[in-house]
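The values are calculated or read from the model by the stated rules, or taken from the named source; none is laboratory data. Predicted model, so just to flag it, every value in this text is computed and none were measured. Quick reminder, even Gly has a Cβ in these numbers, built from the backbone with ideal geometry, and neighbours come from all protein chains shown.
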Amino acid sequence: MTTHQTGTREEWLAARLELLEAEKELTRRSDELARRRQALPWVRVDKTYRFETGDGSASLADLFQGRSQLLVYHFMFGYGYRLTDERRGCTGCSLIADHFDGVIPHLNGRDVTLVCESIAPLTELQDYKRQMRWQFPWVSSLGSDFRYDFGAAFTEEQQRHGTDYNYQHVDQPEPQKEGMSVFALQDGAVYHAYSTYARGTEALMGVYRFFDLAPWGRNEDGLEEPWWRRHDEYDAR
């Protein structure tokens, strides 16, 4: 016998209609936040950054691949959850990255490019990408200030003395954190438009939207560590 509250169909419908009004209000607020996000002032990026790609060295402008908008996911590699000698990609970032291949054709069709970047040798990124059977572009920012400048990696001095992460001071930041930075290309100039970190990256995790629809929701209360695994590591049971 279920311990969850039960009721008649009429009681369910009344509660569902009340919830629907709250859902509609949330949607309206989300739409307004998106408009405010897009209205943020752009900051021109004049600093030179170089990345290693499968096609050789590339600039930040090159990463746009001929499009006008660029989303860069800051993937934690060599740091994060459940790393092994063979699999050095963070499992939380891997969960997010599992969503990328399916959306990239749609993004590209609307003038948006999506890439991942990590502070690691390109060969290591490519090996992990093969293990995970991903196809999305993944570039190495090793030797560049890019990830540090956009708030997803921290120098040894910052780790010792503190710095800002997610727009607030952190006394002892971790070496790397997850995040997404967004850029625009206009008249040959690159502009920084937006960055988000921490729970802001949940917008990229479509699986959570499915959990939010399921009867037990995310069901994360009381967990001592994150539940996620790499997509081929879940118990078959």
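Table for the structure above
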| quantity | calculated |
| --- | --- |
| Pair list, Cβ under 6 Å, 6 or more apart: region 52-65 residue part of a strand (DSSP E or B), other residue modelled with pLDDT of 95 or more and of a type in the set (A, V, I, L, M) | E52/L122; T53/V139 |
| Within region 129-237, helices (runs of 4 or more DSSP H) holding 1 or more residues that are among the hydrophobic types (A, V, I, L, M, F, W, C) | 146-149, 206-213 |
| Enumeration of residues in region 80-97 that are assigned to a loop (DSSP other than H, G, I, E, B) and either of a type in the set (D, E) or crowded, with 18+ Cβ neighbours inside 10 Å (or both) | G80, D85, E86, R88, C90 |
| Single residue of region 34-63 satisfying the filter (touching a Lys or Arg at 6+ places or on another chain (Cβ under 8 Å) and exposed (fewer than 15 other Cβ atoms within 10 Å of the Cβ)) that is farthest from V190 (Cα to Cα) | S57 |
| From the options A214, A189, A203, residue that is in contact (Cβ under 8 Å) with a residue 12 or more places away in the chain and of a type in the set (A, V, I, L, M, F, W, C) | A189 |
| Region 113-140, residues that are in contact with a helix residue (DSSP H, G or I) (Cβ under 8 Å, 6 or more places away or on another chain), within 16 Å of A58 (Cβ to Cβ) and of a type in the set (S, T, N, Q) | T113, S118, S140 |
| Flag if R67 is touching a Leu at 6+ places or on another chain (Cβ under 9 Å) and modelled with pLDDT of 95 or more | yes |
| Selection from region 175-201 of residues that are of a type in the set (D, E) and either within 18 Å of F146 (Cβ to Cβ) or touching a helix residue (DSSP H, G or I) at 6+ places or on another chain (Cβ under 6 Å) (or both) | E178 |
| Cβ-Cβ under 7 Å pairs, at least 6 apart or on other chains, region 125-152 side modelled with pLDDT of 95 or more, far side small (G, A, S) and part of a loop (DSSP other than H, G, I, E, B) | S140/A120; L142/A120; R147/S141 |
